[in-house]
Amino acid sequence: MEALFDLPAVHRETFVGQIEYRDEVDSTNTLALALAQQQELSAPLLVLSAAQTGGRGRGENRWWSSRGALTFSLALDGPAHGLPVSSWPQASLVTGLAVCQALRKRVAPADVRVKWPNDVYLEQRKVAGILIETIASRPGIIVVGVGVNVNNSFVDAPAELRESAVALCDVTGQTLDLSRVLASVLQHMEDELKALSIGRHRLRERWSEFCFLTGRRVQVDSVAGITAGVCQGIDDQGALVLETDSGVQRCLAGSVSWQE
Ligand code: BTN
C-alpha cells in the first residue's frame, strides 16, 4: 500500500523538528498535549494521523475526520519562538491566514476566506477548522490543531452537512497530495508566526485581504451576550469589529452567524 504521507519530505521542507505519525488516533490534539507534557520542545512537534476516531472541535463540537482528511497538531514552545502567551490570540488568527493561503494555491480561482476567529471557508462552506489548546502545568506550550477537508468528499454526506461543509476534492474534482497540502500549510505557518514574533505582522490589513465576514450583517454570541451589526473586519488586537445600531463594538470571543 502506498504511504499516505511522505514524512521525510515534510520534515525536510518545514520547520518541524519531530514527527509523531499514527495511522489512527482519537485526537491529534490530545496526543500532542500528552507528548508535550512529557518532553522539552526545542523545535515544533508535529502529531499527524491518517484518521481520528474522536476529533475535537471548539466548545463541545466534534470534528469528523475520516480518511482523506488532513488532521494534525503542532506543539511548540511559544516564548522560545518569540511568541509570549499574550500573542496567542493573534497566533491563532495568523494560523487561519496560513491555512487560507495554502489552500488558495490549490483551488484557485475558487474563493477561500478566513471566518473569524478560526475557520476557513471555501465557496461559502467550511473547509478547515483550528483548535488551540494549552497545558496548565507547562504554561509556555501551545498546541495548534488543524483539520482540513482535503480528500474526504462530502458529496455523499447528509444534506445539512453538504450545505455547511466541503472538501478540496469536491471543488477541484481531483484527489490532492496530502503531503503537499500539509507542507504548504506548515510553511505558511512558519512565515506567519515568524512575522508575528518579530512584530512585523500587519494583522489587520492582511486579514482584510481574506476576511469572509467583512461587509456582512453578523451576530456574535458570547458570554457577554449577543452583538449584532455589520462586520468591519478586525482590529490590531484581533477583535472582530462590528458597526452596530449603537456605534462600533469590538468582540473578543464568541460564535458568529451571518446573513447571506
Ligand atoms: C473547529 O472548527 O471547531 C476546530 C476543529 C479542529 C479540528 C482539528 S483536527 C486536528 C486536531 N485534533 C483535534 O481533535 N482537533 C483538531
Checklist entry - Taking only DSSP H segments of four or more residues, each worth -39500 (n - 2.57), what value at 222 nm results for the chain once the sum is divided by all its residues, to the nearest 500 deg cm²/dmol? => result -9000 deg cm²/dmol
Item to check | Residue of Ala167, Ala195, Ala34 that the Gaussian network model of the chain assigns the largest fluctuation, springs spanning Cα pairs under 10 Å | outcome: Ala34
Checklist entry - What is the Cα radius of gyration of the chain over 2.2 N^0.38 Å, N being its residue count? => result 0.98
Checklist outcome for this item: A correct Karplus calculation of ³J(HN,Hα) over the range 54-65, with 6.51 cos²θ - 1.76 cosθ + 1.60, θ = phi - 60°, whole Hz and x for Gly and Pro, returns x, x, 10, x, 5, x, 8, 6, 9, 10, 6, 9
Item to check | Exposure rank, largest accessible area first [Leu46, Leu31, Leu4; 1.4 Å] | outcome: Leu4, Leu31, Leu46
Checklist entry - Between rounded, prolate and oblate, where does the range 91-166 land on the alpha carbon gyration tensor, with a ≥ b ≥ c its root eigenvalues, rounded for a/c under 1.5, else prolate if a/b exceeds b/c? => result prolate
Item to check | Mean accessible surface per residue for the chain, computed with a 1.4 Å probe while every protein chain stays in place, in Å² | outcome: 47 Å²
Item to check | Cα centroid separation - the range 69-101 against the range 134-201, whole Å | outcome: 12 Å
Next on the checklist: Heavy atoms of the protein only, probe of 1.4 Å, neighbouring chains included. What is the accessible area of Asp6 in Å², nearest 10?
Outcome noted: 80 Å²
Checklist outcome for this item: the chain: relative contact order from alpha carbon pairs under 8 Å, six or more residues apart, as a whole percent, is 17 percent
Next on the checklist: Which residue fluctuates most in the GNM of the chain (Cα springs below 10 Å): Gln52, Gln219, Gln174?
Outcome noted: Gln174
Checklist entry - Tell me, what HN-Hα J-couplings in whole Hz come from the Karplus equation 6.51 cos²θ - 1.76 cosθ + 1.60 at θ = phi - 60° for each residue of the range 76-89, using x for Gly and Pro? => result 9, 7, x, x, 5, 9, x, 10, x, 3, 4, 8, 5, x
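The values are calculated or read from the model by the stated rules, or taken from the named source; none is laboratory data. Nothing here was measured: the structure is a model prediction, and the numbers come from that model. Just so you know, the surface numbers come from the protein's heavy atoms only, side chains and all, with ligands and any DNA or RNA stripped out. Shrake-Rupley method; radii C 1.70, N 1.55, O 1.52, S 1.80 Å.
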